[in-house]
Amino acid sequence: MKVNLNMRIRKATKKDFFKLNEMKKEFFLWECEIDDRLDPNYINNGLGSRLSRNLNQSNVAFFVAEEKENFLGFVGVDISKLPGSFKAKKQGHLFNLYVRKKYRNNRISTQLIRAAMEWLDKKGINDQIIKVHFSDNKAHKIYRKKGFKNYLIELQRKDN
């Protein structure tokens with residue numbers, strides 16, 4: 001459902017911790033529904049401390065979609081060093097793209113991805129990846145529109 005939004009995209013700060021943490025909890029619970037390897041108890045045993053660390057790191061950024069101080073969505077991005085066998089020395093990694101259900105289909109995810117990619121571009125990071133769940137076809141479509149292509153398929157075997 002399209003919603004009239006007076007929204008802005010901005011880089012999250014340490015002051016955004018509590019709102020962003022609540023949203024990351026929503027995202028993680030959604031992830032738990034599609035990935036049975038994940039433990040929902042992580043919400044209370046590590047999610048917040050990891051976010052707090054991330055907000056203090058210069059190689060990590062979160063971008064939030066905000067309307068009147070309400071967070072509608074977010075995306076994370078980080079920069080890591082690549083092994084010497086790669087031509088590029090560093091790689092950007094987009095992660096945790098999430099838009100609250102009632103605000104979906106308003107191109108918020110597109111704007112969040114753009115903000116993350118621009119942050120990487122400004123830092124000179126041309127090698128950019130995103131990992132997305134195999135069954136999340138909506139996300140595949142969004143990322144392809146932004147120039148991402150299938151690169152690697154990870155296969156998993158699990159004994160019951």
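A short reminder: the numbers here are calculations on the coordinates, not readings from a lab. These numbers were taken from a predicted model, which means no experiment stands behind them. Backbone-built Cβ (ideal geometry, glycine too); neighbour counts: all protein chains shown.
Sites counted here are GluC sites (Glu not before Pro) in a DSSP loop (not H, G, I, E or B) having no more than 11 other Cβ atoms within 10 Å; the longest part of the chain that contains none of them is 70-153.
Positive-end ranking of PHE71, ILE113, ILE130 along the dipole of the chain, with charges on Cβ about the Cα centre, is headed by ILE113. Taking all Cα pairs closer than 8 Å and separated by 6 or more residues, the relative contact order of region 8-145 comes to 21 percent.
Taking other residues whose beta carbon is less than 11 angstrom from the beta carbon of ARG37, and scoring Lys, Arg as +1 and Asp, Glu as -1, yields -3. A simple count of charges around ARG53, restricted to other residues whose Cβ falls under 12 Å of its Cβ and scoring Lys, Arg +1 and Asp, Glu -1, yields +1. In loop segments of region 1-77 as defined by DSSP, the trypsin sites (Lys or Arg not before Pro) with at most 16 further C-beta atoms inside 10 Å of their C-beta are LYS2, ARG37, LYS68.
Sorted from longest to shortest, the spans of the Cα atoms of region 8-145 along the three principal axes equal 40, 33, 33 Å. Taking every full run of DSSP H in the chain, none both stretches at least 27 Å from end to end by Cα along its long axis and averages -0.5 or higher on the Kyte-Doolittle scale. Phi angles across region 79-95 convert, under the Karplus curve 6.51 cos²θ - 1.76 cosθ + 1.60 with θ = phi - 60°, into 3J(HN,Hα) values of 10, 10, 7, 9, x, x, 6, 8, 5, 6, 8, 9, 9, x, 10, 7, 8 Hz, Gly and Pro given as x.
Note down the magnitude of the dipole of the chain about its Cα centre, charges +1 on Lys and Arg C-beta and -1 on Asp and Glu C-beta and zero elsewhere, to the nearest 20 debye. Could the numbers behind the result be given before it?
Values: 34 positive and 18 negative charges, 135 e Å.
So the magnitude is around 640 debye.
About its Cα centre, what dipole magnitude does region 73-152 give when the only charges are +1 on Lys and Arg Cβ and -1 on Asp and Glu Cβ, stated in debye to the nearest 20? Can you show the working numbers first?
Values: 19 positive and 5 negative charges, 59 e Å.
Charge dipole, region 73-152, about its Cα centre: 280 debye, nearest 20.
Largest GNM mean-square fluctuation among VAL64, VAL99, VAL132, using the chain with Cα springs under 10 Å: VAL132. For the chain, adding -39500 (n - 2.57) for each run of n ≥ 4 DSSP H residues and dividing by the number of residues yields -10000 deg cm²/dmol at 222 nm.
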